[in-house]
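None of the figures in this text is laboratory data; all of them are computed from the coordinates on show. Here the structure is a predicted model, which means the values were calculated and not measured. Cβ placement follows ideal geometry from the backbone for every residue including glycine, while neighbour counts extend to all protein chains displayed.
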Amino acid sequence: MDAVEGAAVGAAREAMDRAYGPWTGPQWAPAHFSRAHSHKGRYLWTDAFGVCNYCSLYLETGDNRYLRQAETLAAAVHNTLGFTRNGASRLGNATDDHPTRGGLRIGKPNESGPDCDGQYLHYLNKWCFALLQATADEGRYLVWALELADATFDRFMCLEAPGGARRLAWKMTIDLSRPLVSSSGMLDALDSLVTFQLLEAAAGRALGDERGGAPRLDGQIVVAAALVAHWWRGFKSDDPLDLGEALWLAHWFASGDAGHPHTHTHTHAAAPECGGGGVLRGRGPGRELDLDLSSACDHVAARALEGLEGLWGEGYFSQPLSRRLGFRELGATLGVQVAKPSL
């Protein structure tokens, strides 16, 4: 590890210690977030990044304590956000051995109102990705990620679309019984497709044909791919978080022609098939599916870079801090790091 990498690891360790408290030994537990910004001290989006960061620190240092911290944080999330707000029971069909089968709450402090607690699809996908990082020594985290995706995605596919089809809602009630919004998230279909493809690829490698009883996501992949096939050509945004997240999602399957490095991760779900060119074929809701995921990701990445360059040229990132939101710009930086690592 050179001096620059060492400094980066040190900075990451310090940031994690400030967020969750320093390592105190086997009895360590993650510090609670403020009640003004969480419910019972946990917030799903932030904690997903926390798990990813601890896993990254483990990979950089080889220190097993970071894996233990990732596992302890994941357990804290499942034992808080995997329960009803009053803590009386786990959500849906979840059990202690299968804590994600009912989804996970956002962790909003309010029980009702316009910014109330519930379940966000893009938060659930981010938690799936976090659990995927924590599978270095235990396959149960991968099983939990598969079970989370299997239990929740279809419930979000509940809004009416033209022709009698369905589209995704971006927020649902805690029990997933009804949508709390009438619109779809900008990136939810692509987010779901990329996440599910990564999970299926990992399951094929780690779990084998039997999969330990874990569900397959073939049907969810077909549905998500059909949504992406009708969306990707029109992608456009002026939200730095959306643009950064789009770059990060696209880089997993992009061909490298969109100005960012080639990170071609092909997966092979049973249906649809993902061929050497990243083409997904199958049958979507009411239509044949033929999606070239690599081309779609190239296009999305190119448009996202154009969007960020436009914001930069307009002086967006030079505005007073009082007019900007830090988490949106942090999302933009994540996308830029995978698209332009030399910057």
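Observations on the structure shown:
- Taking amide H as placed 1.01 Å from N in the peptide plane, R42 has its amide H under 5 Å from the amide H of F33, each at least 5 places away in sequence or on another chain.
- Most mobile listed residue (G204, G113, G139) in the chain, GNM with C-alpha springs under 10 Å: G113
- Scattering from the chain was approximated by placing one identical point on each alpha carbon and applying the Debye formula without solvent; log10 I(q)/I(0) at 0.09, 0.12, 0.15 1/Å stands at -0.48, -0.91, -1.49.
- GNM flexibility winner over the chain from E71, E329, E138 (Cα, springs under 10 Å): E138
- Distance from the Cα centroid of the range 138-183 to that of the range 191-221 is 17 Å (rounded to whole angstrom).
- Helices meeting the span-like rule in the chain (full DSSP H runs, Cα extent of at least 27 Å along the helix axis, mean Kyte-Doolittle score of -1.0 or higher): 293-313.
- With R₀ set to 30 Å, the beta-carbon distance separating C158 from D17 gives a calculated FRET efficiency near 0.15.
- Taking the chain and dividing mean pair separation by its residue count, relative contact order in percent (alpha carbons under 8 Å, at least six apart): 12 percent
- Spacing of the modelled spin labels on S182 and R328, each 7 Å from Cα toward Cβ, amounts to 2.4 nm.
- The chain: most fluctuating residue of A201, A254, A145 per GNM, C-alpha cutoff 10 Å: A201
- If the chain linking D115 and E138 were pulled fully straight, counting 0.36 nm for each residue of separation and taking away their Cα-Cα distance, it would gain 4.7 nm.
- Lysines whose Cα lies under 16 Å from that of K171, excluding same-chain neighbours fewer than 8 positions away: K108, K126
- Solvent-free Debye scattering, log10 I(q)/I(0), computed from the Cα coordinates of the range 135-222 at q = 0.23, 0.24 Å⁻¹: -1.11, -1.17
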